[in-house]
1. Answer yes or no: is there a residue in segment 398-418 that is of a type in the set (A, V, I, L, M), modelled with pLDDT of 95 or more and in a loop (DSSP other than H, G, I, E, B).
2. Mind listing just one residue for me: the one in segment 175-207 that is β-branched (Val, Ile, Thr) and not in a strand (DSSP E or B) and, of those, nearest to residue 591 (Cα to Cα)?
3. Would you pick out the residues in segment 634-677 that are farther than 15 Å from residue 597 by Cβ and either at pLDDT 95 or above or of a type in the set (Ser, Thr, Tyr) (or both)?
4. From the set of residues in segment 219-244 that are among the basic types (Lys, Arg) and assigned to a helix (DSSP H, G or I), which is farthest from the chain's Cα centre (by Cα)?
5. So which residues in segment 84-122 are without any contact (Cβ under 8 Å) to a residue 60 or more places away in the chain, of a type outside the set (A, V, I, L, M, F, W, C) and closer than 17 Å to residue 49 by Cβ?
6. Across segment 600-620, what is the number of residues that are among the polar types (S, T, N, Q) and either closer than 24 Å to residue 587 by Cα or over 28 Å from the mean Cα position of the chain (by Cα) (or both)?
7. Looking at segment 569-591 only, could you name the residues that are touching a strand residue (DSSP E or B) at 6+ places or on another chain (Cβ under 7 Å) and buried (at least 23 other Cβ atoms within 10 Å of the Cβ)?
8. Could you please find all residues in segment 507-523 being surrounded by fewer than 20 Cβ atoms within 10 Å (Cβ to Cβ) and in contact (Cβ under 8 Å) with a residue 12 or more places away in the chain?
Amino acid sequence: MNHLITEKSEYLRSHAHQPVDWYPWGEEAFQKAWQQNKLVLISIGYSSCHWCHVMARESFEDREVAKLMNQHFVCIKVDREERPDVDQIYMDAILLTGKSGGWPLNCFALPDGRPFYAVTYLPKAQWIALLKRIQSLYAESPDQVQEMARKLSEALQHIDESFLKARPQTISPVQIHWDKVVQRLLEDIDWIWGGEWSQMKFPMPGRWLFSLRAGMLLNKPELLRATHLTLEKMALGGIFDHVEGGFMRYSTDRFWRVPHFEKMLYDNGLLLGLYAEAYRHQPNRLYEQVIRKTARFLLDKMRLPSGLFAASFSAESEGQEGLYYTWKYEELDAALTDPEVRRVFFAAYDLSVEGNWENHRNVLFRQKNTATLAKELSLSEEAVESALERAYAELFRLRQHRQPPPRDEAAITAWNSYAIIGLIEAYKTFGETEYLAAARAATHALMEQSAELHRIQKENSWYGEGFAEDYAAFILALIHLYTVTGAEAYLAQASQLMKRSLELFYDQKEGVFTFSTKAVRSFFGRRKDIFDTSTPSSNSLFAEALWRLARYYHEMDYEEKVRLILSRLEERMVENPTLASYFLQVGLLESRAPFSVVYRGHDISPIWRRYEPSIGWVGFISQEETSIPALISYASTSPEKLFLCTFGACLPPVSSWEELWALLESEKKRLLLSESK
């Protein structure tokens, strides 16, 4: 038993009985390293990480390896879900050395925590060889190790500033070169399989959400075509669980076929929102199935008794990756006894006795879409879909007899906020009150915290300080919930949390937000979270939240902060739009979404059924009084009145949604004509 036995993290406790003398992140470990002049080995992972478990079984549970690690290193285990700030430092370290990042992340550092070398997963023999090499280098050439750490730490200290443009003398609206952004985005499209050209593909919901909105607002049909191609291929591929719903982490190939099987809450919340918006732009049966099944997966499989959502499902079950999700041909052959169901299913999927994956097992990925199948089988598309759904129902029944992958029970504030937003978008699309009720329940569970947010709830107890991501994502979730309910308490809570966020995270000198309230180690300083990856950066989330709150509360200081953040990222947004996709969405709000709608009434749902990204924000007055400054003058209006506003001025009210849409189209033409003069 080691020092992890009393930790709250399930991931850390899973290493507590290993022969490695693990410490949690903290001063005790670093003090020991100083006193004994030992290098520090920082190993970072998380509960649902497949290769983390593989390395644990192969190396960390092996007494020979543990003896070597304990003799020469002070070993620290970190759960990246608990400490994304620590993960950020050491992930940047491995990327700066020219290697690919990933987990488990194993970083070698001096006794003060400064890294000098890092690797991800290594098999036992290679891991032992590396441990010996590192220790030998430190014993024989300590100055060389010190110099490596000095150079890498200096690079880490300046990494954020190196990506930021100099602070402008005057703050003004940012003029983004949209044609260059679009050109960059289209340079690497895989026009056959969707996504970006790569041997492995990640969903990247922010990139495609921006492409969807930009395609509309910038009149770029090629962006729309790339987006819908990608969403179709992902939905048909093995990355989507056709039986139970929900998306896997990423595809290990170009074709979206064979996934890395872990299911993360943040992926599914963000992708649910993306598909919901895409459906409103281009309604089709495939998107509807993805939305409904993914929402069902969240509600049935990831929801906790508190109303919050669990962090993830592991890639493994019974010690094998993908066992729960994959099928032997014989199983499928025996299960699908209806001749018509069997005929359609085996025509739809690439299945064989040999298997299309490991150990003669088959991953379910559609090789043909519904229209193609219907034509080949001389059936209607409805008949094809009906047969496939009957097949999925039978396979779902069989799955209930399998041991499911372990679920990480941690409820993470930011990730729950993404799920809330995704469910709200699904509610906007289909009007399913169950989605809205689940979003409200999760929101209320998060609101039970004090004025300051925590990172994680586990076993009905909150712990760990909230990071910028947690605050910003939850603020946006509250704003989204207000827009569909008209309950101003949500917007008021968002406003209060923003004020607290500015106190905790805003760097007045730099004009951007730091990721945490304090430095990981003193020599790194307080890092900024700038680039969007699989999830939005906290700065891009704050930028959107500030933009929206500025309009509701007439906070001109918020608007200036948005423009300052965008101006400092202006060059990066053009150079690498994929890593700045959420910032670019805020740029679209600033420059291409000039309309707002104020509604006084009780049923605002019609506004969400129509996809109108040119409407930047919506005011919903559900009662005769309002505390929202931007809406006060409209509260006394008779119910069921709609106001279309642009550039701070509103047109006379109309009484029906049809009139509003006609007015909107007229104003679009007028503004377009004005721009051309």
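1. Within segment 398-418 (the criterion being of a type in the set (A, V, I, L, M), modelled with pLDDT of 95 or more and in a loop (DSSP other than H, G, I, E, B)), the answer is yes, since at least one residue qualifies.
2. Applying the filter and picking the extreme gives 176.
3. Going through segment 634-677, the residues farther than 15 Å from residue 597 by Cβ turn out to be 635-636, 638-639, 669-677.
Result: 636, 638, 674, 676.
4. Ranking the qualifying residues of segment 219-244, first place goes to 225.
5. Once the filter is applied, which keeps residues that are without any contact (Cβ under 8 Å) to a residue 60 or more places away in the chain, of a type outside the set (A, V, I, L, M, F, W, C) and closer than 17 Å to residue 49 by Cβ, segment 84-122 yields 87, 90, 100, 101, 102.
6. The total comes to 1.
7. none
8. 507, 510, 511, 517, 521, 523
The values are calculated or read from the model by the stated rules, or taken from the named source; none is laboratory data. Everything numeric in this text was worked out from a predicted model, so none of it was measured. Neighbour counts are summed over all protein chains in view; Cβ atoms, including those assigned to glycine, are modelled from backbone coordinates with ideal geometry.
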